[in-house]
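Have a look at the structure below before the remarks.
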Amino acid sequence: MTETHGTVSAAPAVRPTRRATYEARVRRRSTTVAALSTAAVLLAVVVLVPMAPGWEAVKRSFFDAEVFARTFPGLLNAFLLDIAIFAWCAPLIALTGLAIALCRDVRSPALFPLRMFGAVYTDIFRGLPVILVVYLIGFGIPGLGLPRPWNSPYIWGSLALILVYSAYVAEVIRSGIDSIHQSQRSAAASLGLSEADTMRYVVLPQALRNVMPANMNLLIALQKDVALLSFIGPVEIFRQAGVYKSLMANFTPYVGAALIFLAITIPATRYADYLLNRQRRRQR
Amino acid sequence: MTGKLSLRGVRKSFGDTEVIRGIDLDVGEGEMVCLIGASGSGKSTLLRCINLLEPVDDGTIRLDGVDIAEPGLDPRPVRRRIGIVFQSYNLFPHMTAAENAMLAPRRVHGRDRAALMGPVTALFRRFGLADRMDHYPDQLSGGQQQRVAIIRALAMEPEIMLFDEITSALDPELVGEVLDVLRQLHRDGMTMILATHEMGFARELADKVCFLDGGVILEQGPPSSLFSAPSQQRTRAFLSRVL
Ligand SMILES: Nc1ncnc2c1ncn2[C@@H]1O[C@H](COP(=O)(O)OP(=O)(O)OP(=O)(O)O)[C@@H](O)[C@H]1O
Ligand SMILES: [Mg+2]
């Protein structure tokens, strides 16, 4: 509310148009309605939930302040591993996804096998649950009895994520490439540009910009799926929360872990939405 | 010697429909040839065939005496010599006007940005767009965008320019500025082929006017004779509709 007043008084020099006045009034009214209904819902939750018969037990095992305080720093520390895995997977996924998308777009008959590879690759890795790929690759390949650094679950777990996510990214990029009108390629060809240059300088820059929001959403999903690697060894935040849970016979560490995830994913989701909206506005 | 560009028996089908059905056409150095005809008569297709954006099915297209319609020939060296401008501009929206003009010379002729700055700036100045070089296409009016598209084609220093109804997407008051560009090019001796609905313009400047009907040139000649004394009934009917 103070914000609206602020902007109104900040520009007193220009007299608001009739339309602006009307829209400001509508905005004020909808803000008030939204605030009231939110307050009502919150009140209901705060009053009603504690009246449930099992509330005391749930509160003890999920919302124990002392357990929370003791485990939170350790969870944060474990989350650094999630971030590290994410940080080395994301660029590799972007590169692999782009390469697969380009494979699927090649026209030359000599490169047909590449095209087929791209199609088979995306079909397979989009068709499997992530956890299954993590298990198969994360347990399967080290099971070959590879020597010391090469049996690490970090390597093979990351590979599983890269394989699956690059298949999704490839599909997103390909849809972006398809969305660029044929007349852009025609214009480039008419200037004597090669197919490769047309792709690199004309089609891809536009395609990647168009699919930026979709790729942001995939990155957010990846951040969450890093937790799946806990099943094959790495003690990241989800696994660490499990350790604390057994140690203290209390579920509060899971709530802590959830809060940490949300602290990252909510702003990221908001940002992706913002990108999407900005793009819609631009295309109008 | 038949001139700069010479078409003989050019044919083109899309699926089962033959759209260009045997076209003979000669264009001399520095000439302006206008293609007129009803919608669907094949004007755009003919232009796209000349610039090899569409492969020709049959016939020959000689550029300086060399057949460029030969199946299997690499079209790219030809496209560098023949520029085309489309009705819908087709500028690259993610690049500024200057970048649009410099992309092909950089990638195809291997020139660097610094070396191109001079000639490209000269082109923008010549067509009254010196202050719009750093604008993106969506910050330009239709007429300005179309002039940038012409500059982009000219930056490749083509020997022939093809124009496909480049004023028909423009508001009437913007048509003049684009036609001025064509007048200037004609004065400078550029060889040009125009598909156009601007009959007044064709009458004023064309060296030769061709009336296309159902994929053939039904009648061709200097504008003075074709417009005032068409020999074919169909030409007369078309002209009475558009004039
Ligand atoms: N890519 C294509 N595939 C199939 N048919 C096509 C294609 N391009 C053009 N045609 C057909 O070829 C015919 C000639 O089209 P063209 O665009 O050359 O006509 P035009 O004389 O330029 O017409 P306009 O004045 O409307 O631009 C039309 O019947 C059109 O439907
Ligand atoms: Mg046309």
Item to check | Set B:Leu154, B:Leu179: member being touching a Phe, Trp or Tyr at 6+ places or on another chain (Cβ under 7 Å) and more than 16 Å from ligand 1 (Cβ to nearest atom) | outcome: B:Leu179
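Taking into account only those residues within the range B:24-50 that are more than 11 Å from ligand 2 (Cβ to nearest atom) and open to solvent by 10 Å² or more (accessible area, probe 1.4 Å), which is nearest to B:Lys12 (Cα to Cα)? Quick ask: steps written out before the conclusion?
Step one: filter the range B:24-50 for residues more than 11 Å from ligand 2 (Cβ to nearest atom), giving B:24-34, B:36, B:49-50.
After this cut, where a residue has to be open to solvent by 10 Å² or more (accessible area, probe 1.4 Å) as well, the list is B:24, B:26, B:28-31.
Details: B:Asp24: 13, B:Asp26: 18, B:Gly28: 23, B:Glu29: 25, B:Gly30: 27, B:Glu31: 25 Å.
Selected residue: B:Asp24.
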Next on the checklist: With the requirement that a residue be more than 16 Å from ligand 2 (Cβ to nearest atom) and modelled with pLDDT under 95, what does the range B:158-175 give you?
Outcome noted: B:Asp171, B:Pro172, B:Glu173, B:Leu174, B:Val175
Checklist entry - Counting just the residues of the range B:17-62 that are near ligand 1 (Cβ under 9 Å from one of its atoms) and within 14 Å of another protein chain (Cβ to nearest Cβ), which one comes out farthest from the chain's Cα centre (by Cα)? => result B:Glu54
Checklist entry - Pairs under 9 Å by beta carbon, first residue of a type outside the set (Lys, Arg) in the range A:15-37, partner open to solvent by 100 Å² or more (accessible area, probe 1.4 Å), six or more apart or different chains? => result A:Thr31/A:Met1; A:Thr32/A:Met1; A:Ala35/A:Met1
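Could you pull out the residue among B:Lys4, B:Lys12 that is in contact with an Asp or Glu (Cβ under 7 Å, 6 or more places away or on another chain), charged (D, E, K, R), buried (at least 16 other Cβ atoms within 10 Å of the Cβ) and at pLDDT below 95?
Details: B:Lys12 fails: at pLDDT below 95.
Result of the check over B:Lys4, B:Lys12: B:Lys4.
A quick yes/no check of all residues on (1) outside the structural domain of A:Tyr168 (by TED's automatic domain parsing); (2) in a helix (DSSP H, G or I); (3) touching a residue at least 40 places away in the same chain (Cβ under 8 Å):
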residue: A:Ala69; (1), (2), (3): yes, yes, no
residue: A:Asp82; (1), (2), (3): no, yes, yes
residue: A:Ala87; (1), (2), (3): no, yes, no
residue: A:Leu92; (1), (2), (3): no, yes, yes
residue: A:Ile100; (1), (2), (3): no, yes, yes
residue: A:Arg104; (1), (2), (3): no, yes, yes
residue: A:Leu111; (1), (2), (3): no, yes, no
residue: A:Met116; (1), (2), (3): no, yes, no
residue: A:Thr122; (1), (2), (3): no, yes, yes
Item to check | Residues of the range A:91-105 satisfying the condition of being hydrophobic (A, V, I, L, M, F, W, C) and open to solvent by less than 30 Å² (accessible area, probe 1.4 Å) | outcome: A:Ile93, A:Ile100, A:Ala101, A:Cys103
Next on the checklist: Kindly evaluate B:Ile84 against the criterion of being within 9 Å of chain A (Cβ to nearest Cβ), within 16 Å of ligand 2 (Cβ to nearest atom), surrounded by 22 or more Cβ atoms within 10 Å (Cβ to Cβ) and at pLDDT 95 or above.
Outcome noted: yes
Checklist outcome for this item: In the range A:237-284, anything more than 13 Å from the chain's Cα centre (by Cα), among the hydroxyl-bearing types (Ser, Thr, Tyr), closer than 24 Å to A:Val226 by Cα and surrounded by 12 or more Cβ atoms within 10 Å (Cβ to Cβ) is listed as A:Tyr244, A:Thr252, A:Tyr254
Next on the checklist: Take residues that are under 30 Å from B:Leu140 (Cβ atoms) and tell me which of the helices (runs of 4 or more DSSP H) falling wholly in the range B:164-243 contain 3 or more.
Outcome noted: B:172-187, B:199-205
Next on the checklist: Looking at the structure I just gave you, is B:Ile20 within 16 Å of ligand 2 (Cβ to nearest atom) and over 20 Å from B:Ile166 (Cβ atoms)?
Outcome noted: yes
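Quick grid of which residues meet (1) closer than 24 Å to A:Thr198 by Cα; (2) among the hydroxyl-bearing types (Ser, Thr, Tyr); (3) within 14 Å of chain A (Cβ to nearest Cβ):
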| residue | (1), (2), (3) |
| --- | --- |
| B:Leu103 | yes, no, yes |
| B:Arg106 | yes, no, yes |
| B:Arg111 | yes, no, yes |
| B:Ala114 | yes, no, no |
| B:Gly118 | no, no, no |
| B:Gly128 | no, no, no |
| B:Asp131 | no, no, no |
| B:Pro137 | yes, no, yes |
| B:Gly143 | no, no, no |
Checklist entry - Among (1) among the aromatic types (Phe, Trp, Tyr); (2) within 16 Å of ligand 2 (Cβ to nearest atom); (3) open to solvent by less than 30 Å² (accessible area, probe 1.4 Å), where does B:Phe92 come up short? => result (2)
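Does B:Asp171 satisfy the condition of being open to solvent by 20 Å² or more (accessible area, probe 1.4 Å), more than 15 Å from ligand 1 (Cβ to nearest atom), in contact with a Gly (Cβ under 7 Å, 6 or more places away or on another chain) and not β-branched (Val, Ile, Thr)?
Working: open to solvent by 20 Å² or more (accessible area, probe 1.4 Å): yes; more than 15 Å from ligand 1 (Cβ to nearest atom): yes; in contact with a Gly (Cβ under 7 Å, 6 or more places away or on another chain): yes; not β-branched (Val, Ile, Thr): yes.
Yes; evaluated as a whole, the condition is true for this residue.
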Item to check | the range A:191-205, subset under 18 Å from B:Arg48 (Cβ atoms) and more than 9 Å from chain B (Cβ to nearest Cβ), residue least open to solvent (accessible area, probe 1.4 Å) | outcome: A:Thr198
Item to check | Members of the range A:158-185 that are surrounded by fewer than 17 Cβ atoms within 10 Å (Cβ to Cβ) and at the interface with chain B (Cβ under 8 Å from one of its Cβ atoms) | outcome: A:Ser183
Checklist entry - Would the range B:55-77 turn up any residue that is open to solvent by 10 Å² or more (accessible area, probe 1.4 Å), within 14 Å of ligand 2 (Cβ to nearest atom) and touching a residue at least 24 places away in the same chain (Cβ under 8 Å)? => result no
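The values are calculated or read from the model by the stated rules, or taken from the named source; none is laboratory data. None of these values were measured; they are calculated from a predicted model. In this analysis, Cβ positions are derived from the backbone assuming ideal geometry, glycine residues included, and neighbour counts consider all displayed protein chains. Protein only, heavy atoms only, side chains kept; ligands, DNA and RNA dropped before computing areas. Shrake-Rupley method; radii C 1.70, N 1.55, O 1.52, S 1.80 Å.
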